[in-house]
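Here the structure comes first, spelled out in structure tokens, and everything after it is commentary.
The values are calculated or read from the model by the stated rules, or taken from the named source; none is laboratory data. Remember, predicted model here, so these are calculated numbers, not experimental data. Here Cβ is always computed from backbone atoms with ideal geometry, including for glycine, and neighbour counts include all displayed protein chains. In case anyone asks, the SASA skips ligands and DNA or RNA and just uses the protein heavy atoms, side chains included. Shrake-Rupley method; radii C 1.70, N 1.55, O 1.52, S 1.80 Å.
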Amino acid sequence: MTEKQLKELLGSLSLTEKAFQLTQAPAPYYMKDAQIAGTEVNTEISERELALMGSNLYVYGPKESRDIQKRCMDMHPHHIPMLFMMDVIHGYRTVFPTPLAMGATFDPERAEEMMRTAAAESSAAGVDVAFSPMLDLVRDARWGRVMESTGEDPYLNSVMGRAMVRGFQGNDKNEIPTGRVSSCIKHFAAYGAPEGGREYQNVELSEHTLREYYLPAYRAAIEEGADMVMSSFQTINGIPSAANRWLLRDILRDEWGFEGVVITDWAAIEELVNHGVAADLKEASLLAFKAGVDIDMCSMAYYRYLPELVEEGKISEEELDVSVMRVLKLKNKLGLFENPYKDADETRVNVVTLCPEHRAAARKAVSESLVLLKNEGNLLPLKKNHKIALIGPYVESRELHSAWAPNGKAEDAVSVREAAGELSEYSFTYASGCPMQTWDALLVHGKEHSIEDLRKSDFSEHKPEMPDTLQVQAMQKAMEADRVVLFIGEHRTMSGEAASRADISLPENQLDLLRAVAKVNRNIVTVVFCGRPLDLREVCRLSRTVVMAWLPGTEGGHGIMDVLTGKENFSGKLPMSIPVSVGQAPISYNQLATGRPKDPVRDVALYRSAYIDTPNRPLFPFGYGRSYSSFAISPVSLSTSEVTGVYDPCDRETVLLTASAEVENTSAVPGVVTVQLYIRDNTASLARPVRELRGFNRVELQPGEKRTASFDVTPSMLSFVGAEGKRVLEPGRFTIWIGEDSETENKTEFVLNGR
């Protein structure tokens, strides 16, 4: 449809019809037997009104989406197609490792492949818009939704965010091709920094911190062409994002030039009343619309109140038309006016869903995402001549996808036991050892006592429980084995939305299993499944080898066994620091320099920025991860030690200097090492982070092979947000590191002169 035709269509709509284009209804209204847990609908809407809706939330298959589309278009006076939107976080039916695990790959090509696969399957099912990627910077492991982010670093999140948008939408910014969907980035803005790590809480950040660390990834994805932005639930400095004009208009539209559609999160307009910034739903509608929200997701507010607000003169019809035109343009970009069903096709969905190519891609992603934290005694890779006991609740479990994989099915997944059973040359025995503890069980346990009960003294006699049958069986298997591989971790429902935890330890019954096994066999490899960094102190103390498996998805069993047996090598790096204890949260490697740093040599804490009962450093830092291979990195070499430059936001390509280091595989095992570049501005007008990631290269090396890892340093890599909120580049001395993680000390310096 041409722009002229779109304008003619817009001009033919009534006020009410325009308001409906800006309203999204959930699938249960159209499919009475379809329910979304925790988001049950309760507003009465007529069939005629449902036909006028601009978009639908959640898709249950190509037949269902086509039926709904046809039924509604037939009833619509102008036959305008609906948009079908859905959360496609890390895959549709072929579920890839959770996004935090994808961050661990440090591989944007793998991330792009993941979303390209997700787009192929979801578009065939009838999805037009995917609510992904989530680009919230995360530093607090207590927050359950860290599993949806790619980590704690702005640069890594930006690179991965760009790749994910390309995977969803393709490279054509004017058209969404067959097999692709529009990408909706979320949650704008800074949703990943709630107070106390508690879901939906206020975010309290200075504008400098917001601009320097939390906004860059969103902006990168918008520059890549993302079609839609979702506002966040929480308040920032007291203003809910869905009513925050400064965020949605001043920054997003005026500064960044975003021309796409802004949608709220679920019922966020209605929540403005709960926040106390609106007296009722009508006032909430006015606040949200004036702030810059185009589509009301499921508050059922816009279609009821926008026409009234226009008639009362509180909103002009011209303002309304701008938002409606954005929605119509998105439908046109997707080609819905010519083909309202786009890619929804039962034959096609059966061909692409869980096809061998998609499973192979997911399997490879798992192997790249695993992080080896320690490997004392080289217990890994597993050897064929050893008796190996595979123990733990995750041995048999197929619940390998996260809580945010709504179309993922456990029956599609490959368990560890199934994958191990395919390796006939190995000698495996199996035992569960204990049941899996779920989020529900954890919640019930937490509700056993009221606050009043917790304040009371308890003099009841405690009798130690005898080990149960499952644990005894596991101990027997462990005693008979040369090696024990323990598969433990959070259940998938223990992370994700509304799954914040004040205690980030493993479930106690699983720790009991680890303790019991350690009494009879100390050759323990512990594989940890999780959606967040956990307190791993006891795991590290009782295990000689520790692996982070995250929530690996459909091909989890295959990918894990590929690496444990040495078919594939470890290459994953931590996208979030693993704290020593929850008391360190929030924690990140790129903290600001302090006036009283802790002495790194004497480790003196008195009158220093330090804890008196735990280290400042994390248990394992950002960027950390070992391998079956060993690597040597030469001292940093610079093309020049003195440069001249200024910051130009329109010029990101000027190279000031090149930093490089020679990387050598010093082992007999082929491997991949992610070489990381960090930079620090040593003296600036504002306190600067102790170091910041500014580049990374995945380098694949054969035994004894050497290659040079090179990084071009540009003015944007040295710039920062100054006191006035604008990016600046200040002359001075800079330190540059090249190494395997954020604690590398392989460094040199250079001087930047101003013009």
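Here are the numbers for the structure shown:
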item: Residue that is closer than 20 Å to residue 21 by Cβ and either of a type outside the set (S, T, N, Q) or open to solvent by less than 10 Å² (accessible area, probe 1.4 Å) (or both), where the choices are 248, 252; result: 248
item: Leading residue by the ranking (nearest to the chain's Cα centre (by Cα)) among those in the range 525-564 that are without any contact (Cβ under 8 Å) to a residue 60 or more places away in the chain and either more than 20 Å from residue 437 (Cβ to Cβ) or open to solvent by 10 Å² or more (accessible area, probe 1.4 Å) (or both); result: 535
item: Filter pass, residue 399 being in contact with a Ser or Thr (Cβ under 8 Å, 6 or more places away or on another chain) and among the acidic types (Asp, Glu); result: no
item: Single match in 333, 364, 329 (criterion: of a type outside the set (S, T, N, Q), out of contact with any Lys or Arg (no Cβ under 6 Å at 6 or more places or on another chain), open to solvent by 40 Å² or more (accessible area, probe 1.4 Å) and over 30 Å from residue 673 (Cβ atoms)); result: 329
item: Among residues of the range 177-217, those that are assigned to a helix (DSSP H, G or I) and of a type in the set (S, T, N, Q), counted; result: 1
item: Pairs where the first residue, in the range 279-295, is at positive phi and the second is open to solvent by less than 50 Å² (accessible area, probe 1.4 Å), C-beta under 9 Å, 6+ apart; result: 292/231; 292/244; 292/247; 292/248; 292/252; 292/253; 292/262; 292/323
item: Criterion violated by residue 180 - all others in (1) buried (at least 24 other Cβ atoms within 10 Å of the Cβ); (2) under 17 Å from residue 220 (Cβ atoms) satisfied; result: (2)
item: Single residue of 698, 733 found to be surrounded by fewer than 16 Cβ atoms within 10 Å (Cβ to Cβ), part of a strand (DSSP E or B) and at pLDDT 95 or above; result: 733
item: Unmet requirement for residue 522, which otherwise passes all of (1) of a type outside the set (Gly, Ala, Ser); (2) open to solvent by 70 Å² or more (accessible area, probe 1.4 Å); (3) at pLDDT below 95; result: (3)
item: Residue among 647, 678 that alone is outside any strand (DSSP E or B) and surrounded by 14 or more Cβ atoms within 10 Å (Cβ to Cβ); result: 647
item: Residues (closer than 23 Å to residue 653 by Cβ and either at pLDDT 95 or above or in a loop (DSSP other than H, G, I, E, B) (or both)) located in the range 738-755; result: 738, 750, 751, 752, 754, 755
item: Which listed residue, of 107, 87, 74, 136, is of a type in the set (D, E, K, R), open to solvent by 10 Å² or more (accessible area, probe 1.4 Å) and under 29 Å from residue 579 (Cα atoms); result: 107
item: Members of the range 255-267 found to be open to solvent by less than 10 Å² (accessible area, probe 1.4 Å) and within 21 Å of the chain's Cα centre (by Cα), listed by number; result: 262, 263, 264
item: Pairs, first more than 13 Å from residue 591 (Cβ to Cβ) and open to solvent by 100 Å² or more (accessible area, probe 1.4 Å) in the range 605-617, second part of a loop (DSSP other than H, G, I, E, B) and of a type in the set (Ser, Thr, Tyr), C-beta under 8 Å, six or more apart; result: none
item: Matching residues in the range 280-326 - criterion: being among the aromatic types (Phe, Trp, Tyr) and open to solvent by less than 10 Å² (accessible area, probe 1.4 Å); result: 289, 302
